[in-house]
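The values are calculated or read from the model by the stated rules, or taken from the named source; none is laboratory data. No experiment lies behind these values; they were computed from the predicted model shown. All Cβ positions, glycine included, derive from the backbone under ideal geometry; neighbour counts span all protein chains shown.
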Amino acid sequence: MNAFVSRCAARQNTWKRIMSENIRGLIVAHSSLAAGMTEAVRQIAGLEDDVLQPLSNEGKGPAGLISAVTEAVGDAPVVIFTDLSSGSCAFAARKIAIDRPQTGIVCGVNLPVLLDFVFHRDLPLPELVDRLVDKGRVGICGTCAEEDSRVDRALSG
Amino acid sequence: MSIVLFRVDERLIHGQVVVGWVERLHVDRIIVVDDEIAASEWEKELYCLGVPPEADAMFVTVATARQDFASWMEQSRRLVVLVRSVETLSRLAEGGLLNGQTVNLGGIHHAPGRERFLPYLFLSDDELKELERLVAAGVTIAARDLPGSRSVPLGSLRP
């Protein structure tokens, strides 16, 4: 192995070590939404196995969901992403966060939020959560062309 | 109409209730009847985070609910009353307080000793017997998770 390859390998190992100590993500959502979002992030950005984990609330009562989330987050710093801010997923996350340090919660998760998370897990948790909330808001936009203007364009085109 | 929905749901204020029922029924107030939550400020705060802006929420003990129930029936506000267990429902119904009322069974999930009756409804033998006793006393009880779902009368749950 030449010196260049060796340096690259060392750098890669350091990078992996740092990344493995970074904040992990858990998506808690209804039905199969969490699994679908995780897979979408995997396809777009690539993912290490433990970066983002999906969890469905399906078939789980409040106690069962809290137990499943507790088990999934382990001891590492984590951001828990939930779909609705008023749902059982968000409730479980908030209940766990009361006694668990290093727990951020982001409700109303969307794909821009998750993609940004993957690339900024090294930020301090409060800063990361604020950033993700902003990214989520910016990630939603919409247009609604009036029918008349479309007709006009069609005629002039 | 004052109480537009009386529901047993372990999760109390959550997505299905807020989006599925509260918004559709144009509810003004959600009343949670639960001794433990009524005594816990932080749990009340947690549940309030799930209340939509169009409505407010009250958390009362079973004793207070029994005392105030008649006045709830006369309110012009549109109310949803939530309890999270058959046991709480049963205490609230003591003395025939709920006779003539309609109770909706929402999410009661799997737990040791409970049997599955619907995808969202698991009941122990004691819970089912207590519900049947309430029906015999004059309470109408049916399971339905969402407004658009089929209503399943308690009497048809047993195979």
*Limited to the stretch B:53-66, what total is found for residues that are surrounded by fewer than 19 Cβ atoms within 10 Å (Cβ to Cβ), assigned to a helix (DSSP H, G or I) and of a type outside the set (Lys, Arg)?*
2
_From A:134, A:99, A:116, residue being surrounded by fewer than 18 Cβ atoms within 10 Å (Cβ to Cβ), more than 14 Å from chain B (Cβ to nearest Cβ) and at negative phi_ = A:134
*Does at least one position in the stretch A:102-118 carry a residue that is under 19 Å from residue B:49 (Cβ atoms), touching a residue at least 60 places away in the same chain (Cβ under 8 Å) and not in a loop (DSSP other than H, G, I, E, B)?*
yes
_Index of the failed condition, residue B:127 passing every other in (1) touching a strand residue (DSSP E or B) at 6+ places or on another chain (Cβ under 7 Å); (2) in contact (Cβ under 8 Å) with a residue 24 or more places away in the chain_ = (1)
*Provide a single number: the residues in the stretch A:67-95 that are among the hydrophobic types (A, V, I, L, M, F, W, C), surrounded by 19 or more Cβ atoms within 10 Å (Cβ to Cβ) and part of a helix (DSSP H, G or I).*
7
*Quickly run through the stretch B:144-159 and pick out the residues that are modelled with pLDDT of 95 or more and part of a helix (DSSP H, G or I).*
B:154
*Among the listed residues A:29, A:76, A:35, which satisfies the condition of being touching a residue at least 40 places away in the same chain (Cβ under 8 Å) and more than 14 Å from chain B (Cβ to nearest Cβ)?*
A:76
*Residue list for the stretch B:21-40, restricted to those being over 14 Å from the mean Cα position of the chain (by Cα) and either part of a loop (DSSP other than H, G, I, E, B) or modelled with pLDDT under 95 (or both)*: B:23, B:24, B:25, B:26, B:27, B:28, B:39, B:40
*Could you list all residues from the stretch B:118-143 that are surrounded by 16 or more Cβ atoms within 10 Å (Cβ to Cβ) and within 14 Å of another protein chain (Cβ to nearest Cβ)?*
B:118, B:120, B:121, B:122, B:123, B:127
*Could you figure out which of (1) at pLDDT 90 or above; (2) within 27 Å of residue A:137 (Cα to Cα); (3) not basic (Lys, Arg) isn't true of residue A:63?*
(2)
*For residues that are within 14 Å of chain A (Cβ to nearest Cβ) and touching a residue at least 60 places away in the same chain (Cβ under 8 Å), tally how many sit in the stretch B:98-114.*
5
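Listed here are the residues, each with its yes/no results for (1) of a type in the set (S, T, N, Q); (2) outside any helix (DSSP H, G or I); (3) away from chain A (no Cβ under 12 Å).
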site: B:5; (1), (2), (3): no, yes, yes
site: B:12; (1), (2), (3): no, yes, no
site: B:43; (1), (2), (3): no, no, no
site: B:68; (1), (2), (3): no, no, yes
site: B:71; (1), (2), (3): yes, no, yes
site: B:76; (1), (2), (3): yes, yes, yes
site: B:81; (1), (2), (3): no, yes, yes
site: B:116; (1), (2), (3): no, yes, no
*Scan the stretch B:118-132 for residues that are of a type outside the set (A, V, I, L, M, F, W, C) and in a helix (DSSP H, G or I) and jot them down.*
B:125, B:126, B:127, B:129, B:130, B:132
*For residue B:50: the one exception among (1) part of a loop (DSSP other than H, G, I, E, B); (2) over 27 Å from residue A:96 (Cα atoms)*: (2)
*Somewhere in the stretch B:9-19, is a residue touching a residue at least 12 places away in the same chain (Cβ under 8 Å) and surrounded by fewer than 15 Cβ atoms within 10 Å (Cβ to Cβ)?*
no
